[in-house]
Each structure stands twice: as C-alpha cells, then as structure tokens.
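Okay, structure first, notes after.
The values are calculated or read from the model by the stated rules, or taken from the named source; none is laboratory data. On a predicted model such as this, the values are computed, not experimentally measured, just so you know. Reconstructed Cβ throughout: ideal geometry from the backbone, glycine too, with neighbour counts over all protein chains shown. When the accessible area is computed, the model is the full protein with side chains, heavy atoms only, and any ligands, DNA or RNA have been set aside. Shrake-Rupley method; radii C 1.70, N 1.55, O 1.52, S 1.80 Å.
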There are 2 protein chains.
Amino acid sequence: MSFAVFETETARINDILCAVNLLTWDSRTMMPAGGVEARGQQIATLVGLARDMATGDGLQRAIETARAELRGAPSDDLRLIAVEQAAASIAKLSRIPAKLVAASTTLKTQAQAAWVKARAANDFAGFAPVLERTMEMQREIVGALGYEEHPYDALVDTYEPGMRWSKLQALYGQLQQSLIPLLAQAKEARVRSEILDRSYPVETQRQFSSMMATRLGYDFGRGRLDDAVHPFEISFTRSDVRITGRFRETWLPGGLFAVWHEAGHGLYEQGISEQFSRSTFTTDFVNLYAVGGASFGMHESQSRLLENRVGRSRRFWDLHFHELKAVFPEQLSDVSVDDFWRVINAARPSLIRVEADELTYDFHIMLRSEIEAGLIVGDMRVADLPEIWRDKVKSYLGLDVPTDTLGVLQDVHWSSGMVGSFPTYTVGNIMSSQLFSTARKDAAVEKGLESGDYMPLKSWLQHNVHQHGRSKSPGDILMAATGADLSADAYIADLSAKVAELTA
Amino acid sequence: MSFAVFETETARINDILCAVNLLTWDSRTMMPAGGVEARGQQIATLVGLARDMATGDGLQRAIETARAELRGAPSDDLRLIAVEQAAASIAKLSRIPAKLVAASTTLKTQAQAAWVKARAANDFAGFAPVLERTMEMQREIVGALGYEEHPYDALVDTYEPGMRWSKLQALYGQLQQSLIPLLAQAKEARVRSEILDRSYPVETQRQFSSMMATRLGYDFGRGRLDDAVHPFEISFTRSDVRITGRFRETWLPGGLFAVWHEAGHGLYEQGISEQFSRSTFTTDFVNLYAVGGASFGMHESQSRLLENRVGRSRRFWDLHFHELKAVFPEQLSDVSVDDFWRVINAARPSLIRVEADELTYDFHIMLRSEIEAGLIVGDMRVADLPEIWRDKVKSYLGLDVPTDTLGVLQDVHWSSGMVGSFPTYTVGNIMSSQLFSTARKDAAVEKGLESGDYMPLKSWLQHNVHQHGRSKSPGDILMAATGADLSADAYIADLSAKVAELTA
C-alpha cells in the first residue's frame, strides 16, 4: 500500500515532466514564432511544480514509508531500486541551495544571450565575464555536491553515473595513441567527396531514412519523425518517443545518419520496460527530466551503434545500396557501393565538432573535457581559453583556428550551464563498439546483420540494455552484457578495421 | 502586492491549463496511436493539479487579500473583475463534491466506450443504462449548483452565463415560426450540387483557405493550421492560437468553411487583451479550461460570423470567386459565381447535425435542447428517446429517421457528460447576425466588405468583442456593441434575405 503511494507520486511527477517534454518538442518543431515567451512561462511553471513535488514532504514521507515496507527485501528488488533512485535524485536536487538554483537559472539566460552575441561578433572578450561567472557557479555546485577524487567528477557523475576524470584520462590517453596514427593513415584514402553534394530531394531522403529506421526497429506506431534545426529525440513515456531530422537537398548524410542516430535513441526509450516507463525521473543540478536511459553515455551508445556501427558499415551498404540507388537513380548512376561506403566514412579533420567524422570526433571531446576539468580545478583561466583551444586543435587535429567563432565559441553547452556532459559523447562511442562486438557473438544477431534482418540485434539490445531503463547503472549493464568494464579496445579495433579497408 | 500574488497564482493555473490544451491539441493532430493511454494519464494529472491549486487554500487566501486591497475600487476595475470571476469559477468548482467529480470522470470513460459500441451496432438499448446514469448524475450536479427557474438553467449557465431555458424557448419559438416557411421556400432553389463533388486537390484547398484566413485577419505568426478528424480551435495564450481543418478531395466546402469557422474562433483568442491572456481560466463541473472568450455562444458567434455572414455571403464570392477559379481552373470552368454561391448556400434537410446547412442547423439544436431539458426536469424518459427523436425530426425537418445511429446516437456530447452546451450553437448563430449587422453600420467596415478589405471588420470585432476576453458577460458585450439584448431579428432577416436571393 505504501509503495503504491510512492509509485503514484512518482508517476505524477513523471506526467508533469512528460508534459514539459511535449512543450519542448512542440517549441522546436511546431510552435509559431509568437509563442516563445508564453511557452517559456509554461515550462517554468511546470518544472517548478515538479521540483516542488519532488522535494516536498509528501514524496519524502512516501519514500520513508516505502523503505519501511521494503525492509529486508533483496537489493535487486525493483521496488527498492526505484525508491532508492528517487531518493538519490531528490537528495542531489536538495543539496543545491535554492539561492544557487535561482542564480543559475538567471545566469543561464544572460549567458546564452551573451554567447549568441559573442559568437556572431567573434568577440570572446564579450563572453569571458559571464563564462567566468558560469564556471564559478559550477565550482559552487561542485562544493555543494561533493566529490572523492577530482572536483570535475561531481559534474561528470551527473550525466554519467560512476564516471571519474581519472578513468576518462586513461581512456583518452589510449584513444590518442591509437587514433593519431589512424587519422594520418586515413587521410590517404581515395574519396569522391562530390558524390554527397549532389542534389537529393528532401522528401525522398525522408522516406528512405524512415523506411530504414523502421527496419532497424524504430516503431512509428509509438513515434514520429519531424524537422528540427538541431535533430533530437524526446519521449513522453515508452509509448510516445519522437525523433527529428534535418534534411538538406545537398547534404545526403544529414538526412540519413541523423535520422538513424535519433532512431537509436528512440529504440532505447521505446524498449524500456513498461514498469519503468511512467515512474522514473532523473535530475541535473537544477532540473528534472523524464528520461529513461541509464546515462547520457549509454543513451549515446545506442544512437552511435545504429548510426555508425550498423549504418556506416560496409555490410549494411552491400545489402542496401541498391535500394538507395533505386530512389536516387540519376544522382548515383556513376557511384559504386565502394565509392559510397568510402565517402560516408572519409576522415577529414575539421574545426566544428558537430560536423566531425568518426575518426576525429573524439578529439573535439577530449579537448573540451580537458578544458572543463582545468577550469573547474583551477589549473586554467577563462582568459586563456582561446589560446589553449588553438594549441589543442593544432596538436590533436593539425588545424589552425582562424577565429574564436570557429573555435572556443562554437558550442552552446557552457552558456547553458552544462559542464561535464561532453565526455559522455566519447563514452557513448566507446560503449557502442563494446556492445556491438559482443552482440555480434550471438549467432542470430550476426546472421541477421548478414541478411539485413535487424530484429535479432534489436532484441539483443532490448534484452541487455533497453529494458532496464535506469534500474541498473551503466557499469552494471556493461558488465552483465559484455562481461567487462568500459574498455576502448573494441572501439579502437572497429576504427582500425575501417581505416584498413579505407586505405586498402 | 497582494493582487500581484493573486495574479501570479492565476497565471500558474493558466500555464498548467495551457499545457493541458497542448497535450490535447497534440493528441488530436500529431500523437502516434500508441500514445493514447499515457496521454490520458498526463492530462488527468495536470487537470488534477490545476484543480487542487484552484480550490486550494493558497488561492483562496490570495483572493481574500486581493479583495481587501481592492475594497472601494470601482466595479469596473479590471483587477476586481478578475478576482471576482476567479472566485465565481472556483465557487462553482467547489460546489460539486469531490465524490461526484470522481464518479463523473469514471462514468465518462464508461459512457464513451458504450456510446462508440452502441453507435456502431445501432443498439440504443446498449447505451440506455449508462445514459440514464449520466442524466442522473447531471441532475445531481444541478442539485449541487442550484438554479432559480428551471433545473436545465444550471447546466446551460455553465456554457452560456446568464442564459435561461425560458429565454431559449422564446427564441426557439420565434426561429421555428420563421424558419419553417423559409426552409420550404428554399427547397425550390435551383442548385447544381454536383459542382462540390468534383475533385479539388487537398493541398490547393489548404493553400486557398489559409490565404483567405490570413486576409480575414487570422495571424499565422501566432498560429498554425493542421489536420484533424473533427476540426477545432485551441489556444495556449493569445500568442499561440491553433486551428485545424479536415480536407477531403471531393468535398470542397469542408476545406474552405471549416477553416474560416475555426479562424473565427482563432481571431477571438488572438484578439484578447494581453492583460487577460495569461490570467484567466474557466470551468465546467469537473474540468478547468484555459479559454478566453466570454461564453461558448459568443465564441461560436465569431466562428459563424466569419464562416457564414462573411464567407457564404454573395459579396464575398463576387469579390473572390475569380481567385478560387484561378486555383481550380478546370474544376470550375463551367461554373458561374451565381452557381457557386447557390450551391454553398443550398438548404437540404438532413439527418446529421454536423453536416447540416445554415437553414436547418438550428432545428437540430432545438430538438436536442428540448430533450435535454425534458430529461433533466423529468418530463422525458431515456427509454423513450428514440421515438421522441423520430417524432421531432419528422416535425422539424420532414425526414424519417431510419436508424438510431443516424438519430439519437449520433452525437458524442451526452457520453462526454456535456449536457447544456447544445443551445450555445444557436445562440452563436443568432449573435453572429446581431453583431455583424451592427458592424456593417460602421462606414469603414462596410467599405472594407465592399472592397475585400476585412481589417476594419476585424478591428470592430476586436474592439467590441475580442479584447474584453471574459472580463464582460456576453449580455454586457452585446448590449455595449449593439445597444440591445440578444435578439433573433437580425439572424432571421439574414436568412430571409438569403432565401429570397436563392429563389429569385
């Protein structure tokens, strides 16, 4: 009876957060321009209500009563796990003083405005003061949350529970050692890059990528695909999980891989067990979210797996290139499957993270993580960032950074108060290979991949990853699924094999 | 300071209700089929929260404090009006015992399922028991709300503040006397009905009706048009007011007039003063709504005015038929403006309310109102409804009702617990003529209508109706705008003139 009270209260908070997600989805896909201000107020009201309910006495009492009822239950009892996870989320939320929450919300608004202006004007000095205050506030949040090894851990842990800066540094070191020579080798590959610049009508891109998303397992009966400036996935319980894409006539990969990336996120949310779908919420320092995955990194692993491990694989295109050619017969008349596979896997160091290919993407992440850790611990100063950025881009990617707009000012994250989330992109890349290489040891999965039947892969992922929602930690999921802790070996093996084939 | 507290609290309730409206809009336009159940839970949670906030001690204290602060303010002080309106909505909501609210919500779910089944199977007996319980519950609600003259008044007043059954009966009597001979006369008109059945591509219908909606004053910068099975308008403050249409290739009027009807509703919501837009809510017995208009009837008057008084007028098509012909050149090659005007105004008695033309629509409303009043006061029994229905349709429309599916089972309203709302359709029709005939006395409005410039009409409506939101009663708005109480004279004059021209 008392666990039921806890469950009902949590479900109500989840309902509100799902409504916030719908308000957000709508604001990015459907809302007329005039609606911006009122929508901001609506979201603020609902987020505030959810926060009040999550940190209120009612839920606290429900937690205590449920704990009492579950005393003696085994530690893997799902009810106990739910209660303890909610308690931990709330404790984290409650640890940040209300004054700091308010200051952080206010600063975010100022910082975003300053960032937009500074980026447009290539004026880092104009952004520096507010960035300095943002980092100070992040240090205050670190102080409130506490940490064991390194202050940056407190922030990273929010997005990737259990992750440590020391562990990241080890992974980064291993990646650098392998990727730098691979990248040098990959630059030698012959690539017909003009293939992708041809004109591919948007509606056909949409149809083809949707059809393949369905075959990869995304359920349009519990989802839909719309246009957005920055593609994203968002859900309102497992029964309604929406994805977005960005289609441009002269950029085919945007229309294909962005959709399969988001479909990978969507598969995760659609595959969470019914029992977790309406009764879970997670939190950063100031906000609550209705998100069902174990961590940002685990979520990204699912999107990268579909996008890169499957969608950019040679086998995938050996099977499906003739289907793409059937819908773009003129554009691809002089293109072989080998030409196509090469061009969608070509490695070219570039200045902008969101345009980076698989071989260079992690360098963008590494340099950002190192800067975040340096700023939080106090080894680096905001004023020095442009120079630090230029040095790191030169050393990792061999490129000169002509302007701060194309450098330190390119990302929205810091102005949104998101510090500590960048590492989860690389964690996700690594996990995608670790999980995929294990999945392929399953005979049915491998046979399916050979023949273009992706349902065995979907089942494997659902069984090993998706269904658990947030009831297991990313580390436990990895261990149970692959028998090992997070390791970059499989990822490096995948990239090495790709470069070998690119340059064969 | 204390009025500010009231204002903030009301705005927060309004925010939640706007979120409910978005959840509703989405469920009817965008939501994948799988989302139904979770969406129902989300809406129930938010409505419950809004209800708790509206009937809670916090708002009650804010009302008392604001009243104290505003003691001595003139009765037309907008702050005082806002406080008293909120107090009245809450008092109404609080008068219904929580037990009755819960029972009513549960019954609604059962009743809708039973109705869908009964309608499909033409099985009135299968629906009768749950309809009996619905009417019992409505009588309980009447008892809780109280009334002065007739029990039906308590229900009607919810949708049309100040309206009485005695007043409606007088209006209905006048309408019957005028419309029965008009309808007999109108049947003689020569009409080329096959014109409308031709194939009009949906996208062109959408473009033409959207373009005209813009010229009629609907602002797409604060709105959008989507598809829905049953067209509707819904808003999330005045800055985001959306409309929907239903387009079928072989039913051109559906594509045009439904859009202009909803655009009329939209103009109302978009025209409400900024100061009322985020601080108002209204309520039926169990739900709250973020709706800004003075009443259901006043809202319907604005949709009918655009749809019928303007959109079906001879002058409108004299001005714009060549534009329609330009986009449908083949379909309309042998059609004159006279042919077209006749066919969109033709009167043909039919069994289904939502397909009825302007001359027969009110008969559908009258018979439903008479049945509702009879059931509530106890003069009629649910078991007798099929026969009563057949008798009334025969006497008003001269038609035989072949099945209950095409008769008493056709509307969703009763199974949704909406009793007392039907009269507002006829009230809206009447008001549309009363307001339009007055507006036309304004030289600028009349000149605009002559030349196809609808901005003076929009300004007149905004000044006299829209801007006030719910700060004035429908009766006060009518009196201030037209100098008279609600009267059917102008409506009957409009319909008489139309029939005269149809049969000239």
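The residue that is most open to solvent (accessible area, probe 1.4 Å), counting only those in segment A:186-215 that are over 27 Å from the mean Cα position of the chain (by Cα) and basic (Lys, Arg), is A:Arg190. Within segment B:474-504, being part of a helix (DSSP H, G or I), closer than 30 Å to B:Ser279 by Cβ and free of Cβ contacts under 8 Å to residues at least 12 places away in the same chain holds for B:Asp476, B:Met479.
Okay, residues lined up against (1) within 21 Å of the chain's Cα centre (by Cα); (2) crowded, with 18+ Cβ neighbours inside 10 Å:
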| position | (1), (2) |
| --- | --- |
| B:Arg133 | no, no |
| B:Met137 | no, yes |
| B:Gly143 | no, no |
| B:Glu148 | no, no |
| B:Val156 | yes, yes |
| B:Gln169 | yes, no |
| B:Gln174 | no, no |
| B:Ala184 | no, no |
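Here A:Thr65 fulfils each of the conditions (1) over 30 Å from B:Gln275 (Cα atoms); (2) not in a helix (DSSP H, G or I) apart from (2). Under the condition of being more than 8 Å from chain B (Cβ to nearest Cβ) and open to solvent by 20 Å² or more (accessible area, probe 1.4 Å), the residues counted in segment A:22-34 number 4. Contact annotation: residue pairs with Cβ atoms under 8 Å, 6 or more positions apart or on different chains, pairing a residue in segment B:380-401 that is open to solvent by 70 Å² or more (accessible area, probe 1.4 Å) with a partner that is hydrophobic (A, V, I, L, M, F, W, C) and not in a helix (DSSP H, G or I), are B:Arg390/B:Val401; B:Lys394/B:Val401.
Here is a check on your reading of the model: is B:Ile43 assigned to a helix (DSSP H, G or I), β-branched (Val, Ile, Thr) and open to solvent by 30 Å² or more (accessible area, probe 1.4 Å)? Yes: the conditions hold for B:Ile43.
May I ask you to verify whether B:Tyr218 is within 14 Å of another protein chain (Cβ to nearest Cβ), buried (at least 17 other Cβ atoms within 10 Å of the Cβ) and in a loop (DSSP other than H, G, I, E, B)? Answer is yes for this residue.
A:Ala383 - would you say it is modelled with pLDDT of 95 or more and within 30 Å of A:Asp476 (Cα to Cα)? No. Identify the residue in segment B:244-255 that is in a strand (DSSP E or B) and over 18 Å from B:Val20 (Cβ atoms) and, among all such residues, is nearest to the other protein chains (Cβ to nearest Cβ). My answer is B:Gly245.
Looking only at residues in segment B:335-357 that are assigned to a loop (DSSP other than H, G, I, E, B) and among the polar types (S, T, N, Q), the one that is farthest from B:His261 (Cα to Cα) is B:Ser336. Pick out the one residue from B:Ser415, B:Ser471, B:Ser433, B:Ser459 that is modelled with pLDDT under 95, assigned to a helix (DSSP H, G or I) and out of contact with any strand residue (DSSP E or B) (no Cβ under 7 Å at 6 or more places or on another chain). Matching residue, one of B:Ser415, B:Ser471, B:Ser433, B:Ser459: B:Ser415. Looking only at segment A:286-311, how many residues end up being outside any loop (DSSP other than H, G, I, E, B), in contact with a Phe, Trp or Tyr (Cβ under 7 Å, 6 or more places away or on another chain) and hydrophobic (A, V, I, L, M, F, W, C)? Final tally of qualifying residues: 5. Starting from segment B:38-67, take each residue that is closer than 17 Å to B:Glu7 by Cα and within 14 Å of chain A (Cβ to nearest Cβ) and list its partners that are open to solvent by less than 20 Å² (accessible area, probe 1.4 Å) and in a helix (DSSP H, G or I), counting only C-beta distances under 6 angstrom and pairs at least six apart or across chains. So the pair list comes out as B:Ala50/B:Ile13; B:Ala50/B:Ile16; B:Ala50/B:Leu17; B:Met53/B:Ile13; B:Ala54/B:Ile13; B:Ala54/B:Ile90.
Look at B:Arg246 and say whether it is farther than 21 Å from B:Arg12 by Cα and not aromatic (Phe, Trp, Tyr). When the stated conditions are applied, B:Arg246 passes them.
Given the conditions (1) within 14 Å of another protein chain (Cβ to nearest Cβ); (2) at pLDDT below 90, and given that B:Ala98 satisfies all but one, which numbered condition is not satisfied? B:Ala98 satisfies all of (1) within 14 Å of another protein chain (Cβ to nearest Cβ); (2) at pLDDT below 90 except (1). The condition of being open to solvent by less than 10 Å² (accessible area, probe 1.4 Å), touching a helix residue (DSSP H, G or I) at 6+ places or on another chain (Cβ under 6 Å) and within 12 Å of chain B (Cβ to nearest Cβ) holds for only one of A:Val241, A:Val310, that being A:Val241. Among the candidates B:Trp115, B:Trp165, the residue that is under 25 Å from the mean Cα position of the chain (by Cα), over 27 Å from B:Asn429 (Cα atoms) and hydrophobic (A, V, I, L, M, F, W, C) is uniquely B:Trp115.
Note on segment B:483-504: residues that are more than 13 Å from B:Ser313 (Cα to Cα), among the aliphatic types (A, V, I, L, M) and surrounded by 14 or more Cβ atoms within 10 Å (Cβ to Cβ) total 4.
Condition check ((1) in a loop (DSSP other than H, G, I, E, B); (2) within 18 Å of the chain's Cα centre (by Cα)) across all residues:
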| position | (1), (2) |
| --- | --- |
| B:His320 | no, no |
| B:Ser333 | yes, no |
| B:Leu359 | no, yes |
| B:Ile376 | no, no |
| B:Thr403 | yes, no |
| B:Val419 | yes, yes |
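Here is a list of conditions, (1) assigned to a loop (DSSP other than H, G, I, E, B); (2) over 18 Å from B:Tyr361 (Cβ atoms), and B:Pro231 meets all of them except one; can you say which number that is? The one condition B:Pro231 does not meet is (2).
Yes or no: segment B:69-89 includes at least one residue that is at the interface with chain A (Cβ under 9 Å from one of its Cβ atoms) and open to solvent by 30 Å² or more (accessible area, probe 1.4 Å). No, the conditions are met nowhere in segment B:69-89.
Annotation: A:Glu37 fulfils all but one of (1) crowded, with 18+ Cβ neighbours inside 10 Å; (2) in a helix (DSSP H, G or I); the unmet one is (1). Quick one: would you say A:Ala383 is among the aliphatic types (A, V, I, L, M), part of a helix (DSSP H, G or I) and more than 18 Å from the chain's Cα centre (by Cα)? Here the answer is yes, as A:Ala383 does meet what is asked. When A:Ser437, A:Ser473 are screened for being among the polar types (S, T, N, Q) and within 20 Å of A:Met163 (Cα to Cα), only A:Ser473 passes. Of all the listed residues (A:Ala346, A:Ala326), the sole one being under 29 Å from A:Pro201 (Cα atoms), out of contact with any helix residue (DSSP H, G or I) (no Cβ under 6 Å at 6 or more places or on another chain) and free of Cβ contacts under 8 Å to residues at least 12 places away in the same chain is A:Ala326.
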